[in-house]
1. Write out, first by first residue and then by second, each pair whose Cβ atoms fall under 6 Å of each other, whose residues are 6+ apart or on separate chains, and whose first residue, in the range 73-100, is part of a loop (DSSP other than H, G, I, E, B) while the second is at pLDDT 95 or above and within 12 Å of the ligand (Cβ to nearest atom).
2. Anything in the range 236-259 that is surrounded by fewer than 20 Cβ atoms within 10 Å (Cβ to Cβ) and more than 16 Å from the ligand (Cβ to nearest atom)? List them, or say none.
3. Looking at (1) without any contact (Cβ under 8 Å) to a residue 40 or more places away in the chain; (2) outside any loop (DSSP other than H, G, I, E, B); (3) under 23 Å from G209 (Cα atoms), can you tell me which one S134 breaks?
4. Looking at (1) in the same structural domain as S328 (by TED's automatic domain parsing); (2) in contact with a helix residue (DSSP H, G or I) (Cβ under 7 Å, 6 or more places away or on another chain), which one does I308 not meet, given that it meets all the others?
5. Of all residues being touching a strand residue (DSSP E or B) at 6+ places or on another chain (Cβ under 9 Å), farther than 22 Å from A97 by Cα and part of a helix (DSSP H, G or I) in the range 137-155, which is farthest from the ligand (Cβ to nearest atom)? Just the residue, please.
6. Give the range 101-116 a look and list any residue that's under 16 Å from V65 (Cα atoms) and outside any strand (DSSP E or B), or say none.
7. List every residue pair whose Cβ atoms sit under 7 Å apart, with the two residues 6 or more apart in sequence or on different chains, where the first one lies in the range 47-64 and is buried (at least 17 other Cβ atoms within 10 Å of the Cβ) and the second, anywhere, is of a type in the set (D, E).
8. May I ask you to verify whether R294 is of a type outside the set (D, E), away from the ligand (no atom under 15 Å from the Cβ), touching a strand residue (DSSP E or B) at 6+ places or on another chain (Cβ under 9 Å) and at pLDDT 95 or above?
Amino acid sequence: MGLSSAWGGDRDDKSMSATDPRHAYGSMHVMQSGSHVEIDSFIRSTIQKHGMEDAFYVLDLGLLVRLFQGWVQAMPRVRPFYAVKCSPDRALLTTLAALGAGFDCASKAEISQVLDLGVATDRIVFANPCKMQSHVAYAASVGVNLTTFDSESEVYKVKAHHPGAVLLLRIRTDDRGARCPLGVKYGALMCEVEHLLRVADNLHVPVAGVSFHIGSGATDAFSFTDAIAAAREVFDISERLGLPKMHILDIGGGFTSGCSGSLKFSDAATAVNYALDSYFPLDMGVKIIAEPGRYFAETPSTLATTVIGKRVRGEVKEYWINDGIYGSMNSLLYDHAVLKYRPLICLADESKNNNCHGDCSSLPTHNSTVFGPTCDGLDTVLQGASLPDLSIGDWIIFPDMGAYTAAAGSSFNGFSMSDIPTFYVFSINLQGCSTLGYLKGIAPQLMKGCVPDLNAAGNIIENWAVNCSSTSGRQISVSSGGCS
Ligand SMILES: Cc1ncc(COP(=O)(O)O)c(C=O)c1O
């Protein structure tokens, strides 16, 4: 069995031909650090090995493991329920499932995708305050009970279609500096809370706690503090009304693992821990969960695109690439993204390649514009970019492209930018925190009966894939102490 069936989930995808390069990554590439140099070298060899012309992603599952480890160390009280909408990549979901994460699903399809991994229903929160009736009924049929609401009509809907549902009241808590504020659309106002709690109580729909989301790509740590304080107010209102004791707090998303301009993860964690200790001390016995998407998905994914066209207009060099606004770069519109980019590495022209020896940084750069492949003028990816003179067949690499990118891509103009191949790598990062050591602890549980050959670092993942048929959401324990 190849890796794709164990991790990539494409075993049943009839739309892929046997020659699809996605079938060719039978052994996951293990690398030392996951640095740009290593990633670029992997991209170069992938292009050459598979004759790649299409854009593709490289997803570093080793970095994902370290991010999970970092989360547990930074906020040991807060169990992450990964927000599937951010990137529903199956290997990413499978890895998080094996690490013990829960999942935030917004729709029937997302619930179904997570259940397919073998994840237990109590590890899913249906975190959409306004759901379609049929999706509520589906959640009822599969036993996904925990869901959010922020309006009276949603309580009636849930009452009618999901007798076993347990609610979290989503309250409005904004970070006005967030890249994507959500408060305009979601969250009950404090003045509405008492009424909503009474409505739910009258209908005998239990409200187990509170959820909020301070906005994606948050910038202000105090937004977490304020939101947690507001959630405590709701717990107090519920107690004053004599309602059943609330016992779940869902602190939403808004976390970032590395992007400049956003709130540093360590600062967010400090604020969250402080606020939890102040408003939800351990002896209250409240279960704390979060719904991080961007934190896990963004930095492990790198997008490689090909230069498919070129024009020179005066001083400005213009290029077309094979992904754009209607594909991964929809993030420019919907996620207010600022793209990072780097050229790779003069593949098209041997003489250039010899000049820069695989590193373009010494080449002179030019004011450049980069367009996406569709015929829409809006489909412009970069303006005023600083790039060396590229040729058709060269590549432009976009790091940190895993969050809210391909997940919302389309096939506009017949370019299939919603289905971009992904190649998986695993960086071990032996300096500092050793993922390899970490894997020693989790591997036997992750792959029941399949203990990988830990002496052969380069084959760890391959062995797993060859010997094991499923990671089926088996839960493993993750210690918060160190990386041994
Ligand atoms: C309800 C909900 N939960 C979680 C998330 C994930 O947020 P983030 O990617 O900022 O962690 C979102 C993003 O929009 C959301 O709407």
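The values are calculated or read from the model by the stated rules, or taken from the named source; none is laboratory data. Only a predicted model underlies this, so the values are computations on that prediction, with no experimental measurement involved. Don't worry about glycine lacking a Cβ; one is built from the backbone with ideal geometry, like all the others, and counts go over all protein chains shown.
1. Correct list of pairs: S87/A297; S87/G402.
2. Of everything in the range 236-259, those that are surrounded by fewer than 20 Cβ atoms within 10 Å (Cβ to Cβ) and more than 16 Å from the ligand (Cβ to nearest atom) turn out to be D236, I237, E239, R240, L241, G242, L243, P244, K245, H247.
3. All conditions are met except number (3).
4. Going through (1) in the same structural domain as S328 (by TED's automatic domain parsing); (2) in contact with a helix residue (DSSP H, G or I) (Cβ under 7 Å, 6 or more places away or on another chain) one by one, I308 breaks only (2).
5. Filtering first and then ranking leaves V155.
6. Answer for the range 101-116, where residues must be under 16 Å from V65 (Cα atoms) and outside any strand (DSSP E or B): just A101.
7. A55/D323; L59/D89
8. No.
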